[in-house]
Amino acid sequence: MNPIRLIGLDFDHTLYDGVHSLARVRPWFERLHRQNIKLGLVTGRTFGSLQHLFEADGCPWGDSFPDFAICFESRILNPDGKSIEGCEEWNRRRDADVEDAHNIIERELPAWKRKLEAEGIVCRTTWLDSNYGLYMEFASLKDSSAACEKLGVLADPSHSLRFVRNYSGLSIHAKNRSKGPALATLLEAWKIPQPEALVIGDSFNDLCMMNGDYHYQVATVANADPVIHSAVSKKNGIISDKPCSHGVIDIFERLF
Ligand SMILES: [Mg+2]
């Protein structure tokens, strides 16, 4: 097996269960930092919300963790919130694509919602952010799956959008500005070969970095979507039988 020089961690439902402290993983952050392994987050969240959550749990941000934060699924940042050297061009083009996608979504959304409602699929919340894309929350996984399928067909194929279901949510983003290619860009900037990176994720928005499009090593937690379990099996990665951060710690214990 290749040595691991960088680890990209998804945040929600992988490292964080929404309730419990992040502090239990902190000794591992320090240990991996001492071993010179780059450790960071690859998440749909904003930079500010991550920093806040870690600091509220007594993990000073940027002090041994993280070495990087890929936020909004694809913005490659240092712990100080600035672009990582060598990734400025990616971030610039990514921002332009996200802006285009935002304009399309803003224009199309009312019609999409009407068509979903006509089929009895009611969206509970929509959150449209110019730096991210659209997030829609549905009453159930069944509804988010149906909406994902329906909107994928409704959307104009000339619009470069990507539809990703995540539990009962559905995100709509700029195509090709997702976690998989963002991580590839960071690895190139840091001259780390893909097989020397490990990614740990749990859901559909992680699939693009775990499904074999890239040569990353992969691992996942007990609570992950069956689609992720199957992607990890295919790549002979570790599937922990423990959930969220307990699973992440279990993976670290087995590998390091
Ligand atoms: Mg997740």
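Restricting the calculation to Cα atoms, every distinct pair contributes to the Kirkwood radius of the chain, found to be 18.6 Å. Computed 3J(HN,Hα) for segment 20-27, one whole-Hz value per residue from the Karplus formula 6.51 cos²θ - 1.76 cosθ + 1.60 where θ = phi - 60°, is 7, 5, 7, 5, 5, 8, 4, x, glycine and proline marked x. Extension gain for Thr46-Lys235 works out to 65.1 nm (0.36 nm per residue, less the C-alpha to C-alpha distance). Among Lys113, Lys179, a tally of other beta-carbon atoms within 10 Å of each Cβ gives an order, fewest to most, of Lys113, Lys179.
Restricting the calculation to Cα atoms, segment 90-174 shows an Rg/Rh of 0.96 when the hydrodynamic-style radius is the Kirkwood one. Count charges around Ala155 for me, please; just the other residues with Cβ under 12 Å from its Cβ, Lys/Arg as +1, Asp/Glu as -1. Net charge in that neighbourhood comes out at +2. Kindly state, to the nearest 0.05, the FRET efficiency for Ala111 paired with Gln194, given R0 = 35 Å and r defined as their beta-carbon distance. It comes to 0.30. Against the chain, whose longest principal axis comes from its Cα atoms, helix 47-56 is set at around 50 degrees.
Summing charges over all other residues whose Cβ lies under 14 Å from the Cβ of Asp17, with Lys and Arg as +1 and Asp and Glu as -1, gives -2.
Placing a label point 7 Å from the Cα of Leu255 along the Cα-to-Cβ direction, the residues of segment 205-235 whose backbone N falls under 12 Å of that point are 216-221.
Axis of helix 141-154 versus longest Cα principal axis of the chain: the two differ by about 60°, to the nearest ten degrees.
Note: relative contact order over the chain, using C-alpha pairs below 8 Å and six or more positions apart, is 20 percent.
Counting neighbouring Cβ atoms within 10 Å and putting the fewest first, the residues Ile70, Ile76, Ile239 line up as Ile239, Ile76, Ile70. Ignoring aspartates and glutamates fewer than eight residues from Lys113 along the same chain, the ones with Cα atoms less than 18 angstrom from its Cα are Asp129, Glu137, Asp143, Glu149, Asp156.
Enumerate the lysines that Lys191 could reach by cross-link, defined here as Cα to Cα under 22 Å, with residues fewer than 8 away along the same chain left out. Excluding near neighbours in sequence, the set is Lys38, Lys82, Lys179.
Values quoted throughout were computed directly from the atomic coordinates according to the rules given, and no laboratory measurement underlies them. Quantities reported herein were computed from a predicted structural model and do not represent experimental measurements. Note that we place each Cβ from the backbone using ideal geometry, even for glycine, and neighbour counts take in every protein chain shown.
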